[in-house]
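Inspection log for the structure reproduced underneath, given as structure tokens.
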Amino acid sequence: MKAAIISLGSVSSKWTFEAMKKYFESVDDIDLRDLEVDIGGKKHIVLCKGKKMKEYDCVYLKGSFRYLQILNAVASALSSKTYMPIEPSAFTKGHDKLLTHLALQEINIPMPETFISANPSSAKLLLEKLSYPIVMKFPSGTQGKGVMFADSYISAASMLDALSALNQPVIIQKYIETGGKDIRAIVVGDKVVAAMQRQAVEGEKRANIHAGGKGSKITLDYKSKDLAIRTAKTLGASICAVDILRNSGGCKVIEVNLSPGLQGITEATGVDVAGKIAEYMYEAANKFKGGAVIMSDRLAKAAGMTSSAKTIVTNIKTNRNKIVLPEIVTDISGFDNDDEVLVTAEKNCIVISKSNSVRK
């Protein structure tokens, strides 16, 4: 199978690209900034450096909120014919904190008490009604950038005065005291493959690694894992990071990152997160194709097969209670109609091998 990762070329993307090469027959590393989408005809056409982009069985598309429009356009053009772990709508919701909040609120995902104002000036009307400290942030932004903390009405009003020139919507949230700690969980498919607790440096409330926070491995309980997985599924993101605050009042989701950095959590947990992502995408792309696909050598070895064996991912079909194997199995095995074989069967397993005896 053929795959591509489309990104802005971060270290995490390079790691994922190298991991994908262990599973897919070929993998292309494409810079998101080289893409255009022709939306003038009946079908959207994705162009790479002015030429029609090759077709792939799997495309991992990622990038920052600054490239939201091209992310949406590319995802919409490819998602019907190519497996993509992030749905087109997820880019819109996942890159906007307000839309993320509204989507999660619909399924009762716990989050901090939140208010939205059209601009900093109108936000001042809320300040007198709130208890402090509070958190203020813009709808877009990652790595803790654009997040501000105010411990009083005076400091909050002063910040809003400074922000009024930007004339952007402002999100105001109740501050939850956690001792400068939060949790980052990496969701891949229906599993949390790695989780770390981040601790903010002294004098800093943001626990983000990019803001100087330190990460350490943590084992999440079932409820926390379920919260992260439900959050990812709600947004339509099979691969993402979910940030959680936890104190005596329970767990609350504060943010979802569709393009999380992998260096910090890989170092903190010792988990090959890029490898987990690549393996998941390979298996998911197989299911998306719906046909018989030869499994990669790495997965075959993990299943206990010999280096020369080929493992097929396919669906079982029966005809009058007889199992019908795909034609590709016959081609690989080299069996003929008159061959004598040994069949060993038990629940969930069938082994067929050629008999050593010679048919007379």
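Read-outs: derived from the displayed coordinates by stated rules, not from any lab. These numbers come from a predicted model, not from an experiment. Neighbour counts are summed over all protein chains in view; Cβ atoms, including those assigned to glycine, are modelled from backbone coordinates with ideal geometry.
Between Leu125 and Ser10, what length in nm is gained on full extension when 0.36 nm per residue of separation is reduced by their alpha carbon distance? Present the calculation step by step, with values, prior to reporting the outcome.
Values: separation 115, 0.36 × 115 = 41.40 nm, distance 4.10 nm.
Gain in length upon complete extension: 37.3 nm.
Taking θ = phi - 60°, what integer Hz values does the Karplus form 6.51 cos²θ - 1.76 cosθ + 1.60 yield along segment 40-47, in sequence order, with x for Gly and Pro?
Result, ordered by residue: x, x, 5, 10, 6, 10, 8, 10 Hz.
Can you tell me the dipole magnitude for segment 181-280 around its Cα centre, using point charges on the Cβ only (Lys, Arg +1; Asp, Glu -1), in Debye to the nearest 20?
Approximately 260 debye in magnitude.
Can you spot the aspartates and glutamates whose alpha carbon is less than 19 Å from Lys223's alpha carbon? Ignore those fewer than 8 places along the same chain.
Glu106, Asp182, Asp190, Asp243, Glu255
Can you give the FRET efficiency for Lys289 and Ile154, using 1/(1 + (r/R0)^6), R0 = 51 Å, r = Cβ-Cβ distance, to the nearest 0.05?
Given R0 = 51 Å and the Cβ-Cβ separation, E is 0.25.
Measure off 7 Å from each Cα along the Cα-to-Cβ vector at Glu25 and Lys42, then give the distance between these two points in nanometres to one decimal.
Reported label-point gap for Glu25 and Lys42 is 3.0 nm.
Ranked by Cβ crowding within 10 angstrom, fewest neighbours first, how are Phe91, Phe138 ordered?
Ascending number of Cβ neighbours within 10 Å: Phe138, Phe91.
Could the peptides 24-30, 4-10 be put in order, highest first, of the mean number of other beta-carbon atoms found within 10 Å of their residues?
Ranking, from highest mean packing down: 4-10, 24-30.
What is the extension gain from Lys354 to Ser248, computed as 0.36 nm multiplied by their sequence separation minus the C-alpha to C-alpha distance, in nm to one decimal?
Length gained, Lys354 through Ser248: 31.8 nm.
Test of understanding: ordering Arg198, Arg230 by Cβ neighbours within 10 Å, fewest first, what list do you get?
Arg230, Arg198
What are the equivalent ellipsoid semi-axes of segment 181-280, built from the alpha-carbon gyration tensor (square roots of five times its eigenvalues), in whole angstrom, biggest first?
Largest first, segment 181-280 gives 20, 16, 12 Å.
Between Lys81 and Val201, what length in nm is gained on full extension when 0.36 nm per residue of separation is reduced by their alpha carbon distance?
Separation in residues times 0.36 nm, less the Cα-Cα distance, equals 38.6 nm.
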